[in-house]
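Novice: Okay, here's the structure, questions in a sec.
The values are calculated or read from the model by the stated rules, or taken from the named source; none is laboratory data. Computed from a predicted model, the values in this text were never measured in an experiment. Note: ideal-geometry Cβ built from the backbone for every residue, glycine included; neighbour counts use all protein chains shown.
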Amino acid sequence: MAIKLYKFDAADYLKTPEDVEIYLQVALEQDDPDFFQEALGTVARSKGMQAIARQSKTTRAGLYKALSAAGNPEYATVARVVEALGYRFAIHRLQPKKATKKAVPRAAKKAAKKAKVRKPVSKRRTA
């Protein structure tokens with residue numbers, strides 16, 4: 001007997017405003033604009049693309065295109081969609097990371113390694 005599989009769509013599980021908020025926050029924390037763009041499209045689908053397009057003053061087809069993987073939306077479009085969903089962007093200062101040791105750039109480490117001149121094997125001291 002064959003097992004029937006269904007395609008997973010996160011939009012089916014975004015029921016409450018809290019679900020949407022957490023979903024978008026986690027997407028932003030990934031520091032990947034494409035991931036956030038996809039998440040925004042998922043949320044827009046869960047709320048109804050036509051309604052979000054109307055509220056964000058764009059066409060439904062234009063919204064699908066902008067929030068697709070191949071899309072390249074302008075910041076203004078993203079901001080209007082976020083506002084149509086009932087949210088807004090906020091800026092928060094990052095907490096400085098505590099340095100455990102002096103940070104040395106990777107390029108400097110490589111240059112230092114190459115700069116070390118090793119003595120020939122015959123002149124090395126042995127214990």
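Novice: Out of the residues in region 1-25 that are within 22 Å of Ile91 (Cα to Cα), without any contact (Cβ under 8 Å) to a residue 12 or more places away in the chain and not polar (S, T, N, Q), state the one that is surrounded by the fewest Cβ atoms within 10 Å (Cβ to Cβ). Can you show your working first?
Specialist: So in region 1-25, the residues within 22 Å of Ile91 (Cα to Cα) come out as 17-25.
Cutting the leftovers down to without any contact (Cβ under 8 Å) to a residue 12 or more places away in the chain gives us 18-19, 22, 25.
In the following step, the residues that additionally are not polar (S, T, N, Q) were identified as 18-19, 22.
Numbers: Glu18: 9, Asp19: 14, Ile22: 12.
Checked region 1-25; the qualifying residue surrounded by the fewest Cβ atoms within 10 Å (Cβ to Cβ) is Glu18.
Novice: I would also like to ask the following. Hey, can you tell me all the residues within region 17-46 that are of a type in the set (A, V, I, L, M) and under 25 Å from Thr59 (Cβ atoms)?
Specialist: Restricting attention to region 17-46, the residues satisfying the condition of being of a type in the set (A, V, I, L, M) are 20, 22, 24, 26-28, 39-40, 43-44.
The answer is Val20, Leu24, Ala27, Ala39, Leu40, Val43, Ala44.
Novice: If you check every pair at least six apart or on different chains, which have Cβ atoms under 9 Å apart with a residue in region 69-85 that is over 11 Å from Ala53 (Cα atoms) first and a residue that is of a type in the set (Ser, Thr, Tyr) and part of a helix (DSSP H, G or I) second?
Specialist: From residues that are over 11 Å from Ala53 (Cα atoms), the pairs are Gly71/Tyr64.
Novice: Tally time: how many residues in region 38-65 are crowded, with 20+ Cβ neighbours inside 10 Å and out of contact with any helix residue (DSSP H, G or I) (no Cβ under 7 Å at 6 or more places or on another chain)?
Specialist: 1
Novice: Okay, next question. Restricting attention to region 87-99, and to residues there that are under 16 Å from Phe36 (Cα atoms) and either touching a Gly at 6+ places or on another chain (Cβ under 6 Å) or not aliphatic (A, V, I, L, M) (or both), which single residue is surrounded by the most Cβ atoms within 10 Å (Cβ to Cβ)?
Specialist: If we take residues in region 87-99 being under 16 Å from Phe36 (Cα atoms) and either touching a Gly at 6+ places or on another chain (Cβ under 6 Å) or not aliphatic (A, V, I, L, M) (or both), then Tyr87 is surrounded by the most Cβ atoms within 10 Å (Cβ to Cβ).
Novice: Counting only residues that are under 18 Å from Ala10 (Cβ atoms), at pLDDT 95 or above and touching a strand residue (DSSP E or B) at 6+ places or on another chain (Cβ under 6 Å), give me the helices (runs of 4 or more DSSP H) lying completely in region 32-106 with at least 3 of them. Steps first, answer last, please.
Specialist: Working: elements: 33-47, 49-55, 60-66, 75-84.
Per the criteria, no element qualifies.
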